[in-house]
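Engineer: One structure is given below, represented as structure tokens, and several questions about it will come after.
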Amino acid sequence: MHRSSTAAAATSVNGFYNFLTQGLDDLFRSFHAHNFMSIHFLQHVLSSLQSFHSQLIVVVQKLHLPVGEKWLDEYMDESARLWEVCHVIKSGITNMENYYSAAITIATTLENHHFLNPQIARQVIRMINGCQRERVGLEEENRGLIRTRIQPLMMNFDKNVLMESKFNGFNGFRGVLFALRNMNSLLLMILLSGLVYCSPTVFWSGFMVSASRLHEKVMENEDGQNGVLLYEFWNARSAIEELKTELERIRGTGMELDISERVEKLKSCFLGLQCGVENMIVQLDDFFDEIVEARKQLLDLCTHS
């Protein structure tokens, strides 16, 4: 390669590393501002995942990589892994639909009953019990998704990359891809913890990430919690438990009580959860389209080189 081409490649590669660093710093500040795993923060995480992937494609187009070489296979493997994990994330959050739909139905049913008597309270408690069974079921199903589909994808790749990669290979492409793989693992782990399922016994602890600061910051307040860590999910869960406690008090005392405030909180929390989930699904679908287009671009690049 000519000296000018080598310099251009180095500039592109270094620019990519700087882009990753800036993106991670932005995420750290975003999380630090609120200190919990909200839908807004997780949308930012997914946006970073998208922008990192898009920037990789820009870098590849500047590196003038040789046609028919292993670099394309390595990119295809990583984009396939990204595709698979994101589909698990979509499956996990889609599993929430029955849960929030059942809770919204309960809230809608109660909107016309400002004062509840013990008989109605018993009926609604049965509905709440069914809704809570939906939550237990979705978390159990999501835990299964992590164990059967995610662990094999996330645990094996780092060791192989370390053994096979020479970071300067293909004008620095291998180093760029190695960095992206690690960033992908970090961001996917955060998304999976927030939206699908997190457990100390399910997630790995030894994957290599240069962005340990963000990882530690996000996980430090979780205190070993299991299940979906999404703030809106826990907020909605608390709202329905508070309503159930109030209804049990009505049933136990035989009194009629005004629960309109509890009902309004329940509806607001679950509508917020529904809106967040639907927005994440749209964003994931956009990302799937971007991955398909990027794979096509790189294949065309090789075909027409």
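The values are calculated or read from the model by the stated rules, or taken from the named source; none is laboratory data. Predicted model only: the values in this text are computed from it and were never measured. Neighbour counts run over all protein chains shown; Cβ positions are idealised from the backbone, glycine included.
Engineer: Output the residue which, of all residues in the stretch 82-108 that are under 17 Å from GLU242 (Cα atoms) and of a type in the set (Val, Ile, Thr), is farthest from the chain's Cα centre (by Cα).
Structural biologist: Going through the qualifying residues, I end up with THR108.
Engineer: Something else now. Tally time: how many residues in the stretch 195-217 are closer than 13 Å to LEU27 by Cβ and at pLDDT 90 or above?
Structural biologist: 0
Engineer: Just a yes or no: is a residue in the stretch 150-160 in contact with a helix residue (DSSP H, G or I) (Cβ under 8 Å, 6 or more places away or on another chain), closer than 25 Å to PHE28 by Cα and at pLDDT 85 or above?
Structural biologist: Yes - at least one qualifying residue is present in the stretch 150-160.
Engineer: Would you be able to tell me the number of residues in the stretch 246-277 that are within 30 Å of VAL85 (Cβ to Cβ) and either of a type in the set (Phe, Trp, Tyr) or surrounded by 14 or more Cβ atoms within 10 Å (Cβ to Cβ) (or both)?
Structural biologist: Qualifying residue count, the stretch 246-277: 8.
Engineer: Within the stretch 55-68, which residues are outside any loop (DSSP other than H, G, I, E, B) and surrounded by fewer than 15 Cβ atoms within 10 Å (Cβ to Cβ)?
Structural biologist: VAL58, GLN61, listed by residue number.
Engineer: If you don't mind, another one. Can you find a residue in the stretch 128-143 that is part of a helix (DSSP H, G or I), in contact (Cβ under 8 Å) with a residue 60 or more places away in the chain, of a type in the set (S, T, N, Q) and surrounded by 14 or more Cβ atoms within 10 Å (Cβ to Cβ)?
Structural biologist: Yes, some residue in the stretch 128-143 is part of a helix (DSSP H, G or I), in contact (Cβ under 8 Å) with a residue 60 or more places away in the chain, of a type in the set (S, T, N, Q) and surrounded by 14 or more Cβ atoms within 10 Å (Cβ to Cβ).
Engineer: Give the residue that is nearest to LYS90 (Cα to Cα), with candidates limited to residues of the stretch 287-296 that are surrounded by 13 or more Cβ atoms within 10 Å (Cβ to Cβ) and of a type outside the set (A, V, I, L, M, F, W, C).
Structural biologist: GLU290
Engineer: For the condition among the aromatic types (Phe, Trp, Tyr), modelled with pLDDT of 90 or more and surrounded by 14 or more Cβ atoms within 10 Å (Cβ to Cβ), what is the one hit in PHE41, PHE28?
Structural biologist: On inspection, the qualifying residue turns out to be PHE41.
Engineer: Also: Would you tally the residues in the stretch 58-89 being modelled with pLDDT under 90 and not hydrophobic (A, V, I, L, M, F, W, C)?
Structural biologist: The qualifying residues number 7.
Engineer: Give the number of residues within the stretch 218-241 that are surrounded by 14 or more Cβ atoms within 10 Å (Cβ to Cβ), of a type outside the set (A, V, I, L, M, F, W, C) and at pLDDT 85 or above.
Structural biologist: The qualifying residues number 5.
Engineer: With the requirement that a residue be of a type in the set (S, T, N, Q) and not in a helix (DSSP H, G or I), what does the stretch 93-127 give you?
Structural biologist: Passing the criteria: ASN95, ASN112, ASN117.
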